[in-house]
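Notes follow once the structure below has been shown.
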Amino acid sequence: MSDPLFDPDDEAATPITPDERRQLIPTYITTRDQLNEAEQIGIAEADRWAFGRKRDVLDEDFLLTLHKRMLRSVWKWAGTFRTTERNIGIEAYRIGVELRGLIGDVRYWVENGAYDADEIAVRFHHRLVSIHLFPNGNGRHARLAADLLAVALGRERFTWGSANLVQAAETRARYIAALRAADNHDLAPLIEFARS
């Protein structure tokens, strides 16, 4: 039987396992809209916290803390690596190693000017999404992390299609298409989308 709260509306959304569902903190949430609203409140608070002072976004502990601050009032598992397999992302046991590799790669790109600032931040975003660190909230976490990196590199925050990607279906479809192009080594659509 379908569960309207947890069954994703689109194939690109990450399904939540029954064990993860039991870790929902607010007991009043019965609809997807209520869940999205509760998560968005936490994300807005984490955004203010993250941009409140200079942060080292290229730090594993910071990335875990950022996710925890985004979703800590909604999910008990906020800020912890997923332990189950997903429809997207790498095997769960590889997450820590791949994240440390990504951080090392991005530090190298920055130190050596391998790409321009926007491309570095978008590559960082794409790899975070591809690794898929958490049970849920990966795209939102990766976008906020990329924004923090872009600002640290002297650029403005990205606009990410200028819409709430959880609620704007057409914009979300463009974002997913850009991610899929990046999966095939074509970053241009994702860089363009990030600044659209």
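Where a number appears in this text, it was derived from the coordinates with a stated rule and is not lab data. A quick note: this is a predicted structure, and the numbers were derived from the prediction, not measured. Neighbour counts run over all protein chains shown; Cβ positions are idealised from the backbone, glycine included.
Some notes on this structure:
- Exposure proxy for TRP160, TRP109, TRP75, TRP49: other Cβ atoms within 10 Å of each Cβ, ordered fewest to most, give TRP49, TRP109, TRP160, TRP75.
- Test item: Cα-centred dipole of the chain, Lys/Arg +1 and Asp/Glu -1 on Cβ, debye: 540
- ³J(HN,Hα) computed for each position of segment 114-119 - Karplus, 6.51 cos²θ - 1.76 cosθ + 1.60, integer Hz, glycine/proline x: 4, 9, 6, 4, 4, 5
- Toward the positive end of the charge dipole of the chain, with +1 on the Cβ of Lys and Arg and -1 on the Cβ of Asp and Glu, the farthest Cα among SER73, ALA142, THR171 is that of SER73.
- Label selected from (1) 17.5, 57; (2) 17.3, 53; (3) 16.1, 53, the criterion being Rg and Dmax of the Cα atoms in Å as computed here: (3)
- Added length on full extension, which subtracts the Cα-Cα distance from 0.36 nm per residue, ASN112 to ASN184: 23.5 nm
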